[in-house]
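Below: the structure, in structure tokens.
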Protein chains: 2
Amino acid sequence: MSDIRFEKIALIGIGLIGSSLARVIRERRIAGNIAVASRSSETLERAHDLNLGDSYTTSATEAVRDADLVIVCVPVGASAKVARDISDTLKPGAIVTDVGSTKQSVIEQMMPVLPETVHFIPGHPIAGTEQSGPDAGFAELFDGRWCILTPIAGTDETAIDRLTGFWHACGSMVDRMDPEHHDMVLAIVSHLPHIIAYNIVGTANDFETVSKSEVIKYSASGFRDFTRLAASDPTMWRDVCLHNKDAILEMLARFSEDLSSLQRAIRWGDGDKLFDLFNRTRHIRKSIIDAGQDVDVPDFGRHVAQTEGHGEDTL
Amino acid sequence: MSDIRFEKIALIGIGLIGSSLARVIRERRIAGNIAVASRSSETLERAHDLNLGDSYTTSATEAVRDADLVIVCVPVGASAKVARDISDTLKPGAIVTDVGSTKQSVIEQMMPVLPETVHFIPGHPIAGTEQSGPDAGFAELFDGRWCILTPIAGTDETAIDRLTGFWHACGSMVDRMDPEHHDMVLAIVSHLPHIIAYNIVGTANDFETVSKSEVIKYSASGFRDFTRLAASDPTMWRDVCLHNKDAILEMLARFSEDLSSLQRAIRWGDGDKLFDLFNRTRHIRKSIIDAGQDVDVPDFGRHVAQTEGHGEDTL
């Protein structure tokens, strides 16, 4: 894992994903040089303090100069602007990829702007936490997680192989997928869960007869699980909703249909139907644990985290 | 914590909660004698193998004989039957409590059947994991969690104090609440989250164009969080839905209203509204962590659990 795969990697955006990439690239010596770009000079300064790269600039245009690999790590709504900023200084033969949660929109935004001399390969690492910003990243974020590449037909296979190798070096497994299918899959496994989590936390927040302190005190009975996803970066999630609209609306329609049916079973006291519904979802968690995509301890390992002295209970 | 508070405690039902109580009672020497009752002889045998009590019986009637404290730990739908089974052998002056997730229904089921010679004090420890059965329990389950008592007007205050002391000895903090208010609070903090989790996992399960293996592989992007609650005991949750119907239907109506509004913002591309919605939920997680009701580490401490060798990734 210590062979240098790229002379220079430019990271455009240095939030959770960008800064995790910076850390793993450095730790596993994947690149000789890391250029960090952020629009915000405050974020950039923090990245500098954390020693995440070899050079720092608020100009994406500058960061990508001479880079062999450019990774765009910004909210998906900013993709077009980044593409415009970098297109003139991109090195011919460079690989340009991104980490955005929607793929059709990113392709529509970047593809027409990028020069034909570069290899544009859209990507999406399925990894993250609820935290954001350069402090939130860590080198192990991608270990054992999947990264989905959605190359456009006719893309140079050697470039795809190089990018695949990069993600392997970061600890990921790599899948290839059609961008449209990606957007549908992610709508159900990621976008719908986040939207539902934001919604339920909002509903609880608005309640007039149950106080906020009650919601907080008794949150260990279920509610707290949703607050993690609902603590995610609002800009990122606004952009996801705006840029994967059709697939998300489709998922919301299905979800609501199913919920109406469940609601009806509750109203009419249909215990058998409720039992059947509640009984068929258990095995999915087991499959996820068996696939190494969640921890095999009760309560996500919260008790372990507490015992080991992380996240001490304050009571 | 080692003063014996009760000569004999009878646990009716020995699942996650019952067996956690058995463990903490023994470990902290809260009772001289623990009688374990379970309808299922298989469960009872397992409880015996785990050495959870001092006596074991499939007859609740027998278990409660001479007990000073009787704790009913069964799905709420079985409360009436348990009350009928135990009413004739309850020792005068005994405290009878329960751990059910709904309180008005439990009171309606048990109150008319129990003799006036005992102190019936409904209770609900706000603690649990997604696992069930006698193997799933652990002595620390109640540490730092709240237990809500919903005593009926006129209940002997000394008995309430003794039961409060019992829960303190188990590691809990204790609140008192009106049963109706309890059912409303729990509908929003616990019942709605579980129903929504079951529903979203069901929706994903039914999808025809996204395969189950895709849902599992990419679940780390959000979906997996919901699978924990959706792996909870189906019998318990069927009963909760049937026995807290009105409050749950009210919460579902509010949730659906809010979701329709969010859906509309997505359809019309109202980025400002989406940002506002997604921005106001973040602080709730912080409050929950500050209140000691969740761990202060990203991703619920999954990375800690993995690093410490629990829940090893299989990949």
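Tabulated data for the structure shown
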item: Some residue of the stretch A:161-173 being open to solvent by less than 20 Å² (accessible area, probe 1.4 Å), of a type in the set (Val, Ile, Thr) and without any contact (Cβ under 8 Å) to a residue 24 or more places away in the chain; result: no
item: Looking only at the stretch A:139-151, and only at residues there that are in contact with a Ser or Thr (Cβ under 6 Å, 6 or more places away or on another chain) and among the hydrophobic types (A, V, I, L, M, F, W, C), the one that is farthest from A:Asn51 (Cα to Cα); result: A:Cys147
item: Residues (assigned to a helix (DSSP H, G or I) and of a type in the set (D, E, K, R)) located in the stretch A:161-182; result: A:Asp161, A:Arg162, A:Glu180
item: Selection count where residues are within 14 Å of the chain's Cα centre (by Cα) and part of a loop (DSSP other than H, G, I, E, B), scope the stretch B:116-137; result: 11
item: Boolean, B:Ser190 is in contact with a Gly (Cβ under 8 Å, 6 or more places away or on another chain) and either within 8 Å of chain A (Cβ to nearest Cβ) or surrounded by 20 or more Cβ atoms within 10 Å (Cβ to Cβ) (or both); result: yes
item: Selection within the stretch A:251-308 - among the acidic types (Asp, Glu), crowded, with 17+ Cβ neighbours inside 10 Å and in a helix (DSSP H, G or I); result: A:Asp258, A:Asp299
item: In the stretch A:236-250, the residues that are more than 7 Å from chain B (Cβ to nearest Cβ) and crowded, with 18+ Cβ neighbours inside 10 Å; result: A:Met236, A:Asp239, A:Val240, A:His243, A:Asn244, A:Ala247
item: Check on A:Thr158, out of contact with any Cys (no Cβ under 9 Å at 6 or more places or on another chain), among the β-branched types (Val, Ile, Thr) and open to solvent by 40 Å² or more (accessible area, probe 1.4 Å); result: yes
item: Elements of type helices (runs of 4 or more DSSP H) in the stretch B:1-110, at least 2 residues being assigned by TED's automatic domain parsing to the domain that holds B:Glu130, open to solvent by less than 70 Å² (accessible area, probe 1.4 Å) and under 23 Å from B:Leu242 (Cα atoms); result: B:16-27, B:79-86, B:104-110
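Table: residues versus (1) over 24 Å from B:Lys212 (Cβ atoms); (2) within 8 Å of chain B (Cβ to nearest Cβ); (3) out of contact with any Ser or Thr (no Cβ under 8 Å at 6 or more places or on another chain).
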| residue | (1), (2), (3) |
| --- | --- |
| A:His168 | yes, no, yes |
| A:Gly171 | yes, no, yes |
| A:His194 | no, yes, no |
| A:Ala204 | yes, yes, yes |
| A:Glu208 | yes, no, yes |
| A:Glu214 | yes, yes, yes |
| A:Phe226 | no, yes, yes |
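The values are calculated or read from the model by the stated rules, or taken from the named source; none is laboratory data. Nothing here was measured: the structure is a model prediction, and the numbers come from that model. Cβ coordinates were reconstructed from backbone atoms using ideal geometry, including for glycine residues, and neighbour counts include every protein chain displayed. The accessibility values were calculated without ligands, DNA or RNA, using every heavy atom of the protein model including side chains. Shrake-Rupley method; radii C 1.70, N 1.55, O 1.52, S 1.80 Å.
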